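The values are calculated or read from the model by the stated rules, or taken from the named source; none is laboratory data. This is a predicted model, so every value here is computed, not measured. Virtual Cβ from ideal backbone geometry, glycine too; neighbours counted across all protein chains shown.
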């Protein structure tokens, strides 16, 4: 967070220090992306490096080359690999065989770089992270999993509200509760979204149907209908509540247009901070100074 804040401030003053000078960063994306791809490519360029976008369907992976072979080869050319993948196991295998840092830009289990940007946004909006009541409403998905770990690490009081059967990963939930004990935060799961939203400093949601879940669309839209972020739900939170969404948003489903475009929304600042978060991650792991 300190590095993200400092680099964001520096970027407003002029060109950034070239911490990635002479380094080539691979972006291996199996899934479509707008914000994550654009933010990482821009961040690499601004830090003086070169980004190489790698579509999985254009590599020999598409013809059956083992993942570990690709990891070894790309790792011998590149300074780091940013991966956006369907299966978290792919990240684990890449990290095992590639001799360079592997950055998780989204998997089916976690989305940690999103949370770096999100936490920066909460810090700017609320002036602090510790003690903030952060309410997640919707699917206990990969973003929720990473938020649990992030919130617990910095002492936030996180409440997750989702339908039964759509709770976050059990192992991550347990780990988050242990982290919260050390940080002074708390983690709770509450099925009733109205109860969860009471006194919230921040309310966060994400799409109900993630990429690769199209077969479940009708069922999930029916089950998640009571978990929509609308004016009625927002009214149960604090008057200065901040509303967040990691985008893309399906207006009229998980969030109404009224709330997304309303005075309590900090979604567009959150999207901007994807760039500042990406720079901080790259500089922290790869920066030369």
Looking at residue 249, is it at pLDDT 95 or above, touching a helix residue (DSSP H, G or I) at 6+ places or on another chain (Cβ under 7 Å), over 23 Å from residue 104 (Cβ atoms) and assigned to a loop (DSSP other than H, G, I, E, B)? no
Per the list (1) under 15 Å from residue 118 (Cα atoms); (2) surrounded by 15 or more Cβ atoms within 10 Å (Cβ to Cβ); (3) free of Cβ contacts under 8 Å to residues at least 60 places away in the same chain, residue check on residue 268 breaks on (2)
Considering only strands (runs of 3 or more DSSP E) wholly within segment 42-140, the ones with at least 1 residues that are closer than 30 Å to residue 241 by Cα and within 18 Å of the chain's Cα centre (by Cα) are 102-104, 133-137
Query raised in the report: Is it fair to say residue 165 is under 26 Å from residue 6 (Cβ atoms) and either surrounded by 20 or more Cβ atoms within 10 Å (Cβ to Cβ) or more than 18 Å from the chain's Cα centre (by Cα) (or both)?
Result: no
- Task: Could you tell me whether any residue of segment 142-157 is assigned to a strand (DSSP E or B), buried (at least 24 other Cβ atoms within 10 Å of the Cβ) and more than 15 Å from the chain's Cα centre (by Cα)?
- Result: no
